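Q: The structure follows.
The values are calculated or read from the model by the stated rules, or taken from the named source; none is laboratory data. Just so we're clear, the structure is a prediction, and the values are computed from it rather than from any experiment. Don't worry about glycine lacking a Cβ; one is built from the backbone with ideal geometry, like all the others, and counts go over all protein chains shown. Only protein heavy atoms, including side chains, enter the accessible area calculation; ligands, DNA and RNA are left aside. Shrake-Rupley method; radii C 1.70, N 1.55, O 1.52, S 1.80 Å.
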Amino acid sequence: MQIITTIQDMRHAVREWKRQNSSIGFVPTMGYLHEGHASLIQRSVADNDHTVVSVFVNPTQFGPTEDLSTYPRDPERDQALCESLGADIVFFPNPSDMYHDPHVSVIVNGLNEHLCGLSRPIHFHGVCTVVTKLFNIVTPDRAYFGQKDAQQLAIIKKMVEDLNTPVEIIGCPIVREADGLAKSSRNTYLSPEERTAALCLSKAIFHGQHIIHQGMKSAELLQAMHAIIDKEPLARTEYIEVVDACTMETVSVIDRSVLVAMAVYIGQTRLIDNFSFPLP
């Protein structure tokens with residue numbers, strides 16, 4: 001496995017693969033990899049001749065009060081995991097190479113105006129910008145994203161469609177802990193008490209999956225899910241919403257494909273979870 005840190009070297013490696021007509025899979029990450037990331041890498045290795053994993057904590061998707069400086073990092077562990085899973089390259093770009101000073105070009109996506117975008121107005125602009133830049137550098141055939149970040153996945157799919165970007169976007173299922181909590185790098189922020197409290201998210205998700213049905217009013221579903229979150233003293237709900245799976249706009253009756261998504265603070269840690277209906 002190669003460790004590459006410059007855009008020039010990354011492009012050179014890809015050119016060599018393309019001369020051999022090899023397929024390239026790409027897994028963009030912010031590092032501190034867990035089993036959820038591992039599932040994306042494994043899928044890419046299975047689907048493609050070569051796999052690139054990028055590790056880049058992207059500064060443009062963090063607001064001024066968010067956790068850029070404290071976001072967990074462990075590059076040596078990330079390298080070892082990628083190598084054990086069969087990745088060919090781990091790409092660690094330098095922020096100064098990714099964002100020349102001054103950097104004035106940003107990719108804006110209208111699906112940003114819902115769910116997480118309401119409280120994090122710059123977040124998805126940063127995501128779209130860095131993903132576009134990484135696609136331009138790696139030029140993959142396929143790119144893999146987790147369904148836990150469902151709004152991000154929808155935004156990237158729409159961005160690729162709108163910009164005619166020649167990459168297939170593949171969403172992979174949420175990976176959960178044995179007790180149900182969705183895997184997240186931010187789970188490391190939780191104290192033991194908060195870790196137990198965080199199970200209210202997956203409990204609400206599983207209950208929602210159990211009771212949802214075609215024609216159900218969204219308010220009825222949301223009331224049942226809120227009741228579970230509201231029982232947990234350490235939880236503070238930012239949102240629980242039922243939205244159109246394509247447009248991210250709120251729906252009042254479940255009469256189409258929908259995403260049921262939530263963002264909940266456990267103490268100071270913001271966690272997200274979701275499910276789609278019709279269920280897989």
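Q: How much of M10 can a 1.4 Å solvent probe reach, expressed as accessible area in Å² and rounded to 10?
A: Surface accessible to solvent at M10 totals approximately 0 Å².
Q: If R₀ is 22 angstrom, what is the calculated FRET efficiency for the pair M1 and R186, using the beta carbon separation as r and rounding to 0.05?
A: Values: r = 27 Å, r/R0 = 1.23.
For R0 = 22 Å, the calculated efficiency reads 0.25.
Q: Report the calculated FRET efficiency for T250 and D230 (r = Cβ-Cβ distance, R0 = 22 Å), to the nearest 0.05. Write out the running numbers ahead of the final one.
A: On the way: r = 20 Å, r/R0 = 0.92.
The formula returns an efficiency of 0.60 here.
Q: Cα centroid distance between the range 257-279 and the range 127-141, in Å?
A: Centre-to-centre (Cα) distance: 26 Å.
Q: Going toward the positive end of the dipole of the range 1-125, with +1 on Lys and Arg Cβ and -1 on Asp and Glu Cβ, which of H50, F92, L81 do you reach last?
A: In the range 1-125, that residue is H50.
Q: Quick check for you: with a 1.4 Å probe and neighbouring chains kept, what is the accessible area per residue of the chain, in Å²? Each step should come with its number before you reach the end.
A: Numbers: 13270 Å² over 280 residues.
It amounts to 47 Å² per residue over the chain.
Q: What FRET efficiency, computed as 1/(1 + (r/R0)^6) with R0 = 25 Å and r the Cβ-Cβ distance, is obtained for D74 and Y265, rounded to the nearest 0.05? Present the calculation step by step, with values, prior to reporting the outcome.
A: Numbers: r = 24 Å, r/R0 = 0.98.
Plugging the Cβ-Cβ distance into 1/(1 + (r/R0)^6) gives 0.55.
Q: Applying a 10 Å radius around every beta-carbon, put 156-169, 77-90, 121-134 in order of their mean neighbour count, most first. Walk me through the intermediate numbers first.
A: Details: 156-169: 15.4, 77-90: 18.6, 121-134: 20.7.
Highest to lowest by the protection proxy: 121-134, 77-90, 156-169.
Q: Can you give the net charge of the other residues whose Cβ lies under 10 Å from the Cβ of Y144, counting K and R as +1 and D and E as -1? Present the calculation step by step, with values, prior to reporting the outcome.
A: Numbers: positive: R43, R142; negative: D47, E168.
That works out to 0.
Q: Taking the Cα centre of the chain as the origin, how large is its charge dipole in debye, to the nearest 20, when only Lys and Arg (+1) and Asp and Glu (-1) carry charge on their Cβ atoms?
A: Working: 23 positive and 33 negative charges, 34 e Å.
With Lys and Arg at +1 and Asp and Glu at -1, about 160 debye.
Q: According to a simple spin-label model (label point 7 Å from Cα along Cα-to-Cβ), what is the distance in nm between S23 and Q209?
A: The two pseudo-label positions are separated by 2.8 nm.
Q: Within the chain, how many lysine pairs that are 8 or more places apart, or on different chains, have C-alpha atoms less than 24 Å apart?
A: 17
Q: Order the peptides 39-45, 19-25 from the highest to the lowest mean number of other Cβ atoms within 10 Å of their residues. Let's see the in-between values first.
A: Working: 39-45: 21.6, 19-25: 14.6.
For the peptides 39-45, 19-25, the packing ranking is 39-45, 19-25.
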